[in-house]
Amino acid sequence: MFLRYELLPDGTDNILFISDGVHDVFEVSSDEALANTQRLWQKIHADDLPAFRRSMQSSIEELSKWDHEWRIRMNDGSIKWLEGRGTPYRLEGGRTLWNTLVLDITQRKRLEAEQQSLVAHLRLALETANLGFWRLNLATNELYWNERLMEIY
């Protein structure tokens, strides 16, 4: 989803352009989002809203690239992970404008969580079985032995 988002010094905001991808991401039509930015804001997970606002404030103050991950709650109650990246521009009157890309990263977040779980289970299995292991980086020819393998040899 692409959007052009404007924040005014008094805290009010406008969406100047939003692609039709907003429906796939937020389950909101582009007309609804253009008419009322709150349709998008109200979807942000309550636990993520403070960090979301801080990330935008930092982007405003430093005129730095905005890059943030957060969750939204869908109409059916499910959670979706999003990543936003925007380039800010300062406009007359203290307004800030971002050209922004928002991506659905839910699948990536699920895979990362699964990977972390698998790694934790592998560590537990290695510790429980008191196993040694080694790994060889073929690109650098670097060999790594864990502490238990060092004790064994």
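The values are calculated or read from the model by the stated rules, or taken from the named source; none is laboratory data. In this text the structure is predicted, and so the values were computed from the model without any measurement. Every residue, glycine among them, receives a Cβ derived from its backbone with ideal geometry; neighbour counts consider all protein chains shown. Accessible surface is based on the protein model in full, side chains and every heavy atom, while ligands, DNA and RNA are left aside. Shrake-Rupley method; radii C 1.70, N 1.55, O 1.52, S 1.80 Å.
Here is how the numbers come out for the structure above:
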item	result
Residue list for region 1-38, filter: touching a residue at least 12 places away in the same chain (Cβ under 8 Å) and open to solvent by 70 Å² or more (accessible area, probe 1.4 Å)	Phe2, Arg4, Pro9, Leu16, Phe17, Asp24, Leu34
Qualifying residue in region 44-57 (condition: closer than 19 Å to Arg95 by Cα, buried (at least 18 other Cβ atoms within 10 Å of the Cβ), in contact (Cβ under 8 Å) with a residue 40 or more places away in the chain and of a type in the set (A, V, I, L, M))	yes
Breaking point among (1) more than 18 Å from Thr96 (Cα to Cα); (2) out of contact with any Asp or Glu (no Cβ under 7 Å at 6 or more places or on another chain); (3) in a loop (DSSP other than H, G, I, E, B), for Ser64	(1)
Condition met for Asp104 (open to solvent by 50 Å² or more (accessible area, probe 1.4 Å), closer than 23 Å to Ser29 by Cβ and within 20 Å of the chain's Cα centre (by Cα))	yes
Number of the exception - Gly94 against (1) over 27 Å from His23 (Cβ atoms); (2) open to solvent by 60 Å² or more (accessible area, probe 1.4 Å)	(2)
Qualifying residue in region 62-83 (condition: among the aliphatic types (A, V, I, L, M), open to solvent by less than 30 Å² (accessible area, probe 1.4 Å) and over 20 Å from Lys109 (Cα atoms))	no
Residue list for region 39-61, restricted to those being in a loop (DSSP other than H, G, I, E, B) and either over 16 Å from the mean Cα position of the chain (by Cα) or among the aliphatic types (A, V, I, L, M) (or both)	Gln42, Ala46
